[in-house]
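Enquirer: Here's a structure for you.
Values in this text are rule-based calculations from the coordinates and carry no lab data. Please read all numbers here as calculations on a predicted model, not as lab measurements. Methodologically, a virtual Cβ is constructed for each residue, glycine included, from the backbone with ideal geometry; neighbour enumeration extends over all protein chains shown.
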Amino acid sequence: MKPWRHFLMQPWLWMGLALLTGASAGAQNLLRNGNFESELGPTNWVVQFSAPGIPSTDAYGGPGDFAIADRTTEGSRVVGGFGGHLRSRTDFTTRAYFKQIVSNLTANQTYYLTGYMKITEADTKFHAYMEAVGGSGSPTADGRFSVRTPDATTGTTQSQYSLEQTPDSQRRIEVRLRFEKLSMTPGEISYPKFVRYSVFFDDLSLTP
């Protein structure tokens, strides 16, 4: 028997490969309804609008300022599915985000947020991105820390983005999927141009 065949027949080799494959493929997604295939609700994604105690840099405007703040088929990466979808109803500044808090995490453990997104209109005053608030990154007003992805871009398909975060002092990570239109949108006054400003999110996961 050739030496390499003898090596490949060793049971410990295949057992080790199986364990490695299972560990990488079986990482548990800690986000609930990360693919938006179920209805939004308090046990998964909620939409954060402006409210008492919410800094204006986080949210600006209420439900009436958004034509869409829910899951839609248009927001999905695949035909027949659903994805998160935010779209402004007004020509003025609007900010909102999908929010989900993951609790009972392991202190000092690194967690990986991955997902897909795209915007429908390129504009220097229109931003969309994923953010994880926890124990590392830039300080926030409430004493936690934030890490965010680069801004989403336009394209025919959604692009994948990822970031790393550790839990806060309460062993939690708050995931935010953000829409920010920072001023009046440019364009023809006679056309309701703000309807062009949408962001789509899909297939989010938070894994250790």
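Enquirer: How much length would be gained if the chain were fully extended between ALA107 and ALA122, taking 0.36 nm per residue of separation minus their Cα-Cα distance, in nm to one decimal? If you can, show how the numbers build up before the last one.
Expert: Numbers: separation 15, 0.36 × 15 = 5.40 nm, distance 3.88 nm.
Contour length minus Cα-Cα distance gives 1.5 nm.
Enquirer: Got a sec? Charge dipole of segment 85-127, +1 on Cβ for Lys and Arg, -1 for Asp and Glu; which of TYR111, THR94, THR124 is way out at the positive end?
Expert: THR94
Enquirer: In addition: Using θ = phi - 60° and the Karplus form 6.51 cos²θ - 1.76 cosθ + 1.60, what ³J(HN,Hα) does each residue of segment 164-179 get, whole Hz, x for Gly and Pro?
Expert: Rounded to whole hertz, the list is 10, 8, 10, x, 7, 5, 9, 6, 10, 10, 9, 9, 10, 10, 9, 10.
Enquirer: Which order do SER76, SER159, SER146 fall in if you start with the one that has the fewest other Cβ atoms within 10 Å?
Expert: In increasing order of surrounding Cβ atoms, one gets SER159, SER146, SER76.
Enquirer: Could you bin all the Cα-Cα distances of segment 31-207 into 10 Å bins starting at 0 and give me the percent of pairs in each, rounded to whole numbers?
Expert: Spelled out bin by bin, segment 31-207 gives 10, 39, 37, 12, 1, 0 percent.
Enquirer: Counting other beta carbons within 10 Å of each Cβ, put HIS127, HIS85 in order, fewest first.
Expert: In increasing order of surrounding Cβ atoms, one gets HIS127, HIS85.
Enquirer: Right, something else. Please report the relative contact order for segment 49-183, taking Cα pairs under 8 Å with a sequence separation of at least 6, and give it as a percent rounded to a whole number. Working shown, then result.
Expert: Details: 315 pairs, mean separation 38.3, N = 135.
It rounds to 28 percent for segment 49-183.
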